[in-house]
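Here is the structure we will look at.
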Amino acid sequence: MEEKIDYSKMDYEEAVELVKKRNEKYLDIFLEELKSKGLTPKTIENHMLNVEFYINDYLCHYDAQDLEKGLNSLDDFFGYFFIKKCAWSTPSSIKSTAASLKKFYKCMAEHGFIDMQDYIYFAQDIKENMAFWQETCDAWNNGEFLFSDLLL
């Protein structure tokens, strides 16, 4: 595993730039992994776009967060951010994005960037919460759910 960096001691822009620079290496490794599996260019592109959005946009949206922080951010991402902030969110896009993230984080575990046990918990989190995230997305898209209802 790589050296941990305390991003809280940096200003936001500097921290995000460093996170994104480190992420380039991870994305390159993932791209090579996908190519080696013989996936179609379109499938590879979809996986790359999904992962890049998660690690470079979502994880850096509020604060600079690295690859490991992403292991514990699924519920906020799929249960709120992706549904409310991404106009393209559908139950199907939640499933395909989660599949991309599972492939990515498995690749990162296999290359030693995260602990394999952390990946196993990550994959279990997706399995256990997928139906809820999809139902919440469907309700939001149909105007049947307001996140402010959660505050009551």
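A short reminder: the numbers here are calculations on the coordinates, not readings from a lab. Please read these numbers as outputs of a predicted model, since none were measured by experiment. Cβ placement follows ideal geometry from the backbone for every residue including glycine, while neighbour counts extend to all protein chains displayed.
Would you mind checking 85/106; 25/84; 35/85 for any pair whose Cα atoms are more than 28 angstrom apart?
Among 85/106; 25/84; 35/85, the Cα-Cα distance tops 28 Å for 25/84; 35/85.
Given the rule -39500 (n - 2.57) for each run of at least 4 DSSP H residues, summed and divided by the residues of the chain, what is its mean residue ellipticity at 222 nm, to the nearest 500 deg cm²/dmol?
-19500 deg cm²/dmol
Taking the highest mean first, how do the peptides 129-142, 65-78 order by number of other beta carbon atoms within 10 angstrom per residue?
65-78, 129-142
Output the DSSP H helices from the chain with an along-axis C-alpha extent of no less than 18 Å and a mean Kyte-Doolittle hydropathy no less than -0.5.
Working: long enough: 12-36 (36 Å, -0.75); 91-110 (29 Å, -0.25); 116-141 (35 Å, -0.68).
Within the chain the helices that satisfy the rule are 91-110.
How high is the FRET efficiency between residue 120 and residue 141 when r is their beta carbon distance and R₀ equals 35 Å, given to the nearest 0.05?
0.65
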